[in-house]
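Q: Quick one: the structure is below, and I'll ask about it shortly.
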Amino acid sequence: MGSGDTTPVGSTAGSEYGGDSRTTTSPGPCRGSFTDIPTMSGTPLTSPSHPPSGATCNLGTINPELYKTDELEGDLDQYPDDHIGRVWLQLEYHSDAEKLLVTLIKAKNLPSRLIGSINSCDPYVRLYLMPDERRYLQTKIRKKTCNPRFDETFGFQITARELEDRALKLTFYDVDRDKKHVVIGHVLFLLKELYPWEGKRMLRRDLEREVSLSPRELGQVELSLCYNENLERLTVTVGDTKQLKVDKELRQEKNEFQSRIALLQQTKVSKTKKTAVVKGSDSPSFNESFHFKVALDALDTTAISVIVTVGRKADKVVGRVQLGSFMFARGRALEHWNLMLSKKRQNVKQWHTLT
């Protein structure tokens, strides 16, 4: 992302773009030819007893400000039963400064932890420019509300050309009583669909649930990742396994297991390595490490695929797991990858479910 500047507007780095010493701003009116939110306008009224061509009794004009319940229209929309929230935000791009300004205005109808309560939610939001999920900006936590008001503006340094390949992701979290950060849902905006626009672009979008695929679990494998930026070396260690599920027709007295580790770059397999064959129970231990040459600027388009096989020819797949950037992975696999990137030259070990 450009120079990688992701600072809230109002800080020193963002003051030249109209910010001041505050970290929150009130959004201005929507300008330009693009908008997702309709506006109201007043119309003069005339007395019905007098035709327009004659004398008229002008009762004045309607002032919309007297009838607004909120500065954003559409607040009275009905929510479906499975609704998990709606968010309002404003986007503005400054081509001269190559900066995207995102004003998170508010959210409504976020789920409450207690049925019948509208206060059992302590939400906050993280903002990402996808596919990079290593860096994010974050709002303050709003206490005890399912209808939080944010009014916070953030700036992303990004060129107009980069906008075409990026997406803005907002992930909503709730801090529960045990101080656990629970994902509520997210919204995703493809910036190429919004650019170019004139002035400020006001958007309203419903939150989507985090996709959690639940295929048949086929056992677990312990993997360790380590990246050394000085050597441009990615190290993958395949450790223990647990309860590998082998089809009845493939079962033997002593099953022969093996793991294949594939390096994917730009969706293509560039290199494949294998562990030694391990005979024995359904929970074999491999404990082998493999090194791959990966440049630092190629990590966003890199993934590791681990496939556990069974059989003398190692041609029967038990299950697989793929770790990598947002282009390749989700959930725990993506979290493991990002944790490796944040702890360079350290071994980061986690268990993964084979699918």
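The values are calculated or read from the model by the stated rules, or taken from the named source; none is laboratory data. As the structure is a prediction and not an experimental result, all values here were calculated from the model. Heads up, the Cβs are rebuilt from the backbone with ideal geometry, glycines too, and the neighbour counts pull from every protein chain shown. Surface accessibility is based on the protein's heavy atoms, side chains included, excluding ligands, DNA and RNA. Shrake-Rupley method; radii C 1.70, N 1.55, O 1.52, S 1.80 Å.
Q: Taking strands (runs of 3 or more DSSP E) that do not extend beyond the stretch 107-185, which have at least 2 residues that are farther than 26 Å from residue 202 by Cβ, in contact with a Cys (Cβ under 8 Å, 6 or more places away or on another chain) and modelled with pLDDT under 90?
A: Output list is empty.
Q: Also, quick follow-up: List the residue pairs whose Cβ atoms are under 7 Å apart, where the first residue sits in the stretch 181-194 and is open to solvent by 20 Å² or more (accessible area, probe 1.4 Å), the second is part of a strand (DSSP E or B) and among the hydroxyl-bearing types (Ser, Thr, Tyr), and the two are 6 or more positions apart or on different chains.
A: Once the first residue is open to solvent by 20 Å² or more (accessible area, probe 1.4 Å) and sits in the stretch 181-194, its partners that are part of a strand (DSSP E or B) and among the hydroxyl-bearing types (Ser, Thr, Tyr) give 181/173; 182/173; 183/171; 183/173; 184/173; 186/171.
Q: Considering only the stretch 329-355, state which residues are open to solvent by 40 Å² or more (accessible area, probe 1.4 Å) and small (Gly, Ala, Ser).
A: Residues satisfying the conditions are 331, 342.
Q: In addition: Quick check: anything in the stretch 205-222 open to solvent by less than 60 Å² (accessible area, probe 1.4 Å), closer than 30 Å to residue 310 by Cβ, modelled with pLDDT of 90 or more and not hydrophobic (A, V, I, L, M, F, W, C)?
A: Checking the stretch 205-222: at least one residue is open to solvent by less than 60 Å² (accessible area, probe 1.4 Å), closer than 30 Å to residue 310 by Cβ, modelled with pLDDT of 90 or more and not hydrophobic (A, V, I, L, M, F, W, C).
Let's see how each residue does on (1) under 11 Å from the mean Cα position of the chain (by Cα); (2) among the hydroxyl-bearing types (Ser, Thr, Tyr); (3) under 17 Å from residue 209 (Cα atoms):
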{"residue": "144", "(1), (2), (3)": "no, no, no"}
{"residue": "153", "(1), (2), (3)": "no, yes, no"}
{"residue": "182", "(1), (2), (3)": "no, no, yes"}
{"residue": "188", "(1), (2), (3)": "yes, no, yes"}
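Q: Hey, another quick one. Can you find a residue that is under 26 Å from the mean Cα position of the chain (by Cα), surrounded by 19 or more Cβ atoms within 10 Å (Cβ to Cβ) and modelled with pLDDT of 95 or more anywhere in the stretch 233-246?
A: yes
Q: Out of everything in the stretch 114-127 that is open to solvent by 10 Å² or more (accessible area, probe 1.4 Å) and in contact with a strand residue (DSSP E or B) (Cβ under 8 Å, 6 or more places away or on another chain), what residue ends up being farthest from residue 155 (Cα to Cα)?
A: Selected residue: 122.
Q: Something else about it: Would you confirm, using the coordinates I've provided, whether residue 169 is under 21 Å from residue 91 (Cα atoms) and free of Cβ contacts under 8 Å to residues at least 24 places away in the same chain?
A: No.
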